[in-house]
Amino acid sequence: MKRLPDILDKLVETVLISIAATTVAAVFALLAAILGSNTTGVNGIFGYFSRGIATLFRNIDVAAWSMILLLSFGQSVLTGYFALFFGSFGFLTRAFMESIDEVSSSSVEALKATGAGYLSIICQSVIPASMPQLLSWILFMVETNIRHATLIGILTGTGIGFLFSLYYKSLNYSAASLIVIVIVLTILVIEYVSNYVRRVIL
């Protein structure tokens, strides 16, 4: 129990990195999705480019991103952050595109018929109509990133994953087991909160 404060400190660091990476990735993903969506795309070139980038980033696992970024940043918080960011960006871009195409096509056509401008269509129709689905995907990505962050921490020497690796390698199995229990409990709590929020917004 003496190590519990250190474990909780690293857990908070891991959760904050996951939330920060997901939030920033969601902003960029929304911009890319709007440009790449069949409903709101400006032209075909932007659409193909956005979909290509999303496919590339989505198909590279976060562990692979970690190994690639280790060459640039070494074992640091930035490595873990950007690994989560790139993985989140690819997934969210694709998810946002599908959400926008699914829920906002009819309202976009109606606004275009009235002569509304592009920004008005985005702000008054696309984002409000698809916001519940977008928030749901963001919450799902936060859950996923917290799980991924543990593995990434082992590779990049950050967060609670690094602490687990340190205790495990030093044969301190009781502390390593405590970390596993804390991670499992944290994931269960976050999943419960996320599911509750999704039920409310949807």
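The values are calculated or read from the model by the stated rules, or taken from the named source; none is laboratory data. As the structure is a computational prediction, the values presented were derived from the model and not from experiment. Neighbour counts are summed over all protein chains in view; Cβ atoms, including those assigned to glycine, are modelled from backbone coordinates with ideal geometry.
Mind checking which residues of segment 130-172 are modelled with pLDDT under 80 and farther than 30 Å from residue 196 by Cβ?
155, 156, 157 - these are the residues of segment 130-172 that are modelled with pLDDT under 80 and farther than 30 Å from residue 196 by Cβ.
Of note, residue 184 satisfies the criterion of being surrounded by fewer than 13 Cβ atoms within 10 Å (Cβ to Cβ), at pLDDT 80 or above and either in contact with a His (Cβ under 7 Å, 6 or more places away or on another chain) or not basic (Lys, Arg) (or both).
Of all residues in segment 163-177, those that are in contact (Cβ under 8 Å) with a residue 40 or more places away in the chain and under 17 Å from residue 146 (Cα atoms) total 1. Just one of (1) closer than 18 Å to residue 159 by Cα; (2) among the acidic types (Asp, Glu); (3) in contact (Cβ under 8 Å) with a residue 12 or more places away in the chain fails for residue 9. It is (3).
Across segment 35-58, the qualifying residues are those that are farther than 18 Å from residue 86 by Cα and buried (at least 20 other Cβ atoms within 10 Å of the Cβ), and the one among them that is modelled with the lowest pLDDT is 41.
Yes or no: residue 116 over 17 Å from residue 32 (Cα atoms) and modelled with pLDDT of 80 or more? Against the criterion (over 17 Å from residue 32 (Cα atoms) and modelled with pLDDT of 80 or more), residue 116 does not qualify.
Within segment 45-62, residues that are within 16 Å of residue 101 (Cα to Cα) reach partners that are at pLDDT 80 or above and β-branched (Val, Ile, Thr) with beta carbons closer than 6 Å, at six or more positions or on different chains, in the pairs 54/93. Of all residues in segment 82-109, those that are at pLDDT 85 or above and over 22 Å from residue 135 (Cβ atoms) total 2. Every condition in (1) among the small types (Gly, Ala, Ser); (2) without any contact (Cβ under 8 Å) to a residue 12 or more places away in the chain; (3) in contact with a Lys or Arg (Cβ under 8 Å, 6 or more places away or on another chain) holds for residue 136 except the one numbered (2). Selection of segment 154-185 for residues being within 12 Å of residue 4 (Cβ to Cβ) and either in contact with a Phe, Trp or Tyr (Cβ under 6 Å, 6 or more places away or on another chain) or not in a helix (DSSP H, G or I) (or both) yields 175, 179.
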